[in-house]
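Shown next, in structure tokens, is the structure this report addresses.
The values are calculated or read from the model by the stated rules, or taken from the named source; none is laboratory data. Worth saying up front: this structure is predicted, and the values here are computed from it rather than measured. Counting neighbours? That spans all protein chains shown, and the Cβs are built from the backbone with ideal geometry, glycine included. Quick note on the areas: whole protein, heavy atoms, side chains included, nothing else; ligands and nucleic acids left out. Shrake-Rupley method; radii C 1.70, N 1.55, O 1.52, S 1.80 Å.
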Amino acid sequence: MTKINMTVNGRAVSAEAEDRTLLVEFLRSGLNLTGTHVGCDTSQCGACLVHVNGEAVKSCTMLAAEAEGAEVTTIEGMANADGSLSTIQAAFQEHHGLQCGFCTPGMVMSAAALLKDNPKPSEAEVRDYLEGNICRCTGYHNIVKAIMAASGQLDAIAAE
Amino acid sequence: MYNFELVKPKTIDEAVAALADEEAQALSGGQTLLPTMKQRLAAPDRLVSLANIAELQGVSATGGVVTIGAAATHATVAEKAASAYPALAALAGHIGDPAVRNRGTIGGSVANNDPSACYPAAVLGSGATIVTNAREIAADDFFEGMFSTALDEGEIITAVKFPVPEAANYRKFIQPASRFALVGVFVARFADGVRVAVTGASNDGVFRWSEAEKALSGDFSAAALEGLSVASDDMISDIHGTAEYRAHLVKVLTARAVKAAG
Ligand SMILES: Cc1cc2nc3c(=O)[nH]c(=O)nc-3n(C[C@H](O)[C@H](O)[C@H](O)COP(=O)(O)OP(=O)(O)OC[C@H]3O[C@@H](n4cnc5c(N)ncnc54)[C@H](O)[C@@H]3O)c2cc1C
Ligand code: FES
Ligand code: FES
């Protein structure tokens with residue numbers, strides 16, 4: 001066991017972990033941040049997606065020890081400071097971008113990573129960016145709609 | 001996943017020393033190795049992370065050669081090689097999905113030599129040179145069949161050097177579940193001839209389609225491929241596509257790549 005230190009959602013944290021501990025296990029079991037989900041555990045589905053130093057990463061496919069010293073953001077860090085939903089989260093709610101909600105943390109984290117680099121994506125760019133996020137419920141349509149709405153472009157999709 | 005010891009060397013020399021142990025294995029982006037270890041198809045006693053070695057990072061271009069550090073991620077190559085070698089950057093920008101591209105590296109992809117991976121096609125198609133801690137290996141001598149390369153035990157790739165062609169393009173027919181190439185073709189036109197490398201198709205891994213190279217070196221147009229055909233004997237046949245289908249795709253994608261390269 002080694003002590004691992006990182007900043008998660010702006011808070012310095014440290015916990016003991018084995019070298020084989022995955023980042024997602026560290027977050028869920030070590031820090032009790034269970035918003036990050038494990039869907040496939042085979043690097044396919046994106047339910048475990050978090051940001052490491054600002055970049056989208058599948059936390060089931062990264063060792064916790066590799067995130068030593070990093071800034072990690074999870075779904076728990078996405079709400080506004082007053083606890084209200086962020087623009088992206090509110091858009092998912094408003095546009096019915098979730099059904100069972102299992103994929104949603106990863107979808108929101110993916111959407112946030114996309115909009116940071118590309119604040120006004122086209123619908124095709126949104127769909128392309130979500131290539132690594134699998135949803136078994138929604139058929140993606142309302143997820144795409146929510147992200148377009150969050151980027152202030154609901155007109156672009158409503159017009160189609 | 002069985003437990004292991006993770007070490008994080010800061011220099012190539014330290015990494016090579018840490019890999020001298022037979023049970024040690026290099027860890028780069030982990031996008032292939034960690035899933036493999038979860039399935040217990042690999043169970044190294046020690047993982048040697050290559051992520052903290054400054055010498056393995058970076059993309060640079062000088063004198064018609066683009067050099068990519070082995071630990072450069074696909075996302076980094078997509079961004080940093082875009083002006084110097086656009087076809088290579090575009091290939092890197094379409095590997096897997098954004099999160100895979102933020103972690104996966106060129107060194108890991110080339111060392112792994114998955115028969116359906118994208119980078120081997122660019123490396124072989126460009127006639128690149130694989131630089132290791134010990135030597136330089138020409139692409140033509142590097143890939144030795146599915147998941148097999150000329151790398152020795154404990155030898156690590158430090159960089160890949162790509163001569164920049166006059167024109168090039170990569171066409172990938174995506175296998176939508178895995179996002180790897182069902183078939184992918186990389187075409188590169190140099191002053192002294194054309195190279196065509198095919199991934200995803202053969203049971204022997206990436207290969208050069210020499211008939212097409214000859215035809216295209218005389219006439220760099222899709223029409224030059226018309227009389228040619230690809231034998232399906234050694235092609236991969238699986239639930240996603242028969243050997244005949246893959247052989248057909250090789251020609252179709254080569255033609256598309258030539259058209260797109262212009
Ligand atoms: C969902 C998903 C989709 C993918 N889609 C594609 C795709 O479309 N096209 C594609 O080409 N790939 C795809 N990949 C594979 C991806 O590109 C991997 O990143 C890559 O194959 C391995 O690189 P890595 O840096 O992650 O290596 P690792 O997983 O860390 O290592 C892979 C192997 O290479 C060895 N190794 C690593 N670095 C070195 C080095 N410098 N020298 C010597 N040996 C080394 C390791 O010991 C290990 O055996 C996908 C992966 C996933 C999970
Ligand atoms: S749980 Fe990590 S990608 Fe599915
Ligand atoms: S809402 Fe159920 S998996 Fe996406």
Can you pull out every residue in the range A:79-107 that is under 12 Å from A:Ile143 (Cβ atoms) and within 14 Å of chain B (Cβ to nearest Cβ)?
A:Cys103, A:Gly106, A:Met107
Filtering the range A:81-130 down to residues that are of a type in the set (Asp, Glu), under 27 Å from B:Gly93 (Cβ atoms) and loosely packed, with under 13 Cβ neighbours inside 10 Å yields A:Asp117
Scanning the range A:108-157 for residues that are in contact with a helix residue (DSSP H, G or I) (Cβ under 8 Å, 6 or more places away or on another chain) and among the β-branched types (Val, Ile, Thr), the one nearest to ligand 3 (Cβ to nearest atom) turns out to be A:Ile143
Listing of strands (runs of 3 or more DSSP E) fully contained in the range B:1-97 that carry 3 or more residues being more than 10 Å from chain A (Cβ to nearest Cβ) and surrounded by 15 or more Cβ atoms within 10 Å (Cβ to Cβ):
B:24-27, B:65-69
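So that you can scan it fast, the table gives a plain yes or no per residue for (1) surrounded by fewer than 16 Cβ atoms within 10 Å (Cβ to Cβ); (2) within 16 Å of ligand 3 (Cβ to nearest atom); (3) away from chain B (no Cβ under 14 Å):
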residue: A:Ala12; (1), (2), (3): yes, no, yes
residue: A:Val24; (1), (2), (3): no, no, no
residue: A:Leu31; (1), (2), (3): no, no, yes
residue: A:Gly39; (1), (2), (3): no, yes, no
residue: A:Ser43; (1), (2), (3): no, no, no
residue: A:Ala47; (1), (2), (3): no, yes, no
residue: A:Ala65; (1), (2), (3): no, no, no
residue: A:Gly69; (1), (2), (3): yes, no, no
When the residues of the range A:131-153 are narrowed to those that are in contact (Cβ under 8 Å) with a residue 40 or more places away in the chain and crowded, with 22+ Cβ neighbours inside 10 Å, which ends up nearest to ligand 2 (Cβ to nearest atom)?
A:Asn133
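Tell me the strands (runs of 3 or more DSSP E) entirely within the range B:130-210 that contain at least 1 residues that are within 26 Å of B:Val48 (Cα to Cα), under 13 Å from the mean Cα position of the chain (by Cα) and aliphatic (A, V, I, L, M). Write out each step before concluding.
Details: elements: B:136-138, B:157-163, B:167-174, B:181-190, B:193-199.
Where strands (runs of 3 or more DSSP E) fall fully within the range B:130-210 and carry at least 1 residues being within 26 Å of B:Val48 (Cα to Cα), under 13 Å from the mean Cα position of the chain (by Cα) and aliphatic (A, V, I, L, M), they are B:157-163.
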Which condition number does B:Leu216 fail, the rest of (1) open to solvent by 10 Å² or more (accessible area, probe 1.4 Å); (2) outside any loop (DSSP other than H, G, I, E, B); (3) farther than 23 Å from B:Ser83 by Cβ being met?
(1)
Only helices (runs of 4 or more DSSP H) wholly contained in the range A:43-160 count here; list those with 1 or more residues that are under 12 Å from the mean Cα position of the chain (by Cα) and more than 16 Å from ligand 1 (Cβ to nearest atom).
A:87-94, A:104-117
All positions within the range A:122-140 that are more than 11 Å from every other protein chain (Cβ to nearest Cβ) and either in contact with a Cys (Cβ under 9 Å, 6 or more places away or on another chain) or over 20 Å from A:Val57 (Cα atoms) (or both):
A:Ser122, A:Glu123, A:Ala124, A:Cys135, A:Arg136, A:Cys137, A:Thr138, A:Gly139, A:Tyr140
Exactly one of these conditions fails for A:Glu76: (1) at the interface with chain B (Cβ under 9 Å from one of its Cβ atoms); (2) more than 20 Å from B:Pro98 (Cβ to Cβ); (3) surrounded by fewer than 19 Cβ atoms within 10 Å (Cβ to Cβ). Give me its number.
(1)
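Name the residue, out of A:Lys58, A:Lys3, that is within 27 Å of B:Ser28 (Cα to Cα), of a type in the set (Lys, Arg), within 14 Å of another protein chain (Cβ to nearest Cβ) and surrounded by fewer than 24 Cβ atoms within 10 Å (Cβ to Cβ). Explain how you work it out, then say what you get.
Numbers: A:Lys58 fails: surrounded by fewer than 24 Cβ atoms within 10 Å (Cβ to Cβ).
Every option except A:Lys3 fails the conditions.
Could you list, in sequence order, the residues of the range A:21-42 that are hydroxyl-bearing (Ser, Thr, Tyr) and either part of a loop (DSSP other than H, G, I, E, B) or within 18 Å of B:Gly96 (Cβ to Cβ) (or both)?
As a first pass, look at the range A:21-42 and keep what is hydroxyl-bearing (Ser, Thr, Tyr): A:21, A:29, A:34, A:36, A:42.
A:Thr21, A:Thr34, A:Thr36, A:Thr42 - these are the residues of the range A:21-42 that are hydroxyl-bearing (Ser, Thr, Tyr) and either part of a loop (DSSP other than H, G, I, E, B) or within 18 Å of B:Gly96 (Cβ to Cβ) (or both).
Go through the range A:18-42 and report how many residues are in contact with a Pro (Cβ under 7 Å, 6 or more places away or on another chain) and away from ligand 1 (no atom under 15 Å from the Cβ).
In the first step, residues of the range A:18-42 are kept if they are in contact with a Pro (Cβ under 7 Å, 6 or more places away or on another chain); the result is A:35-37, A:42.
Those left that are additionally away from ligand 1 (no atom under 15 Å from the Cβ): A:35-37.
Residues that pass the stated criteria total 3.
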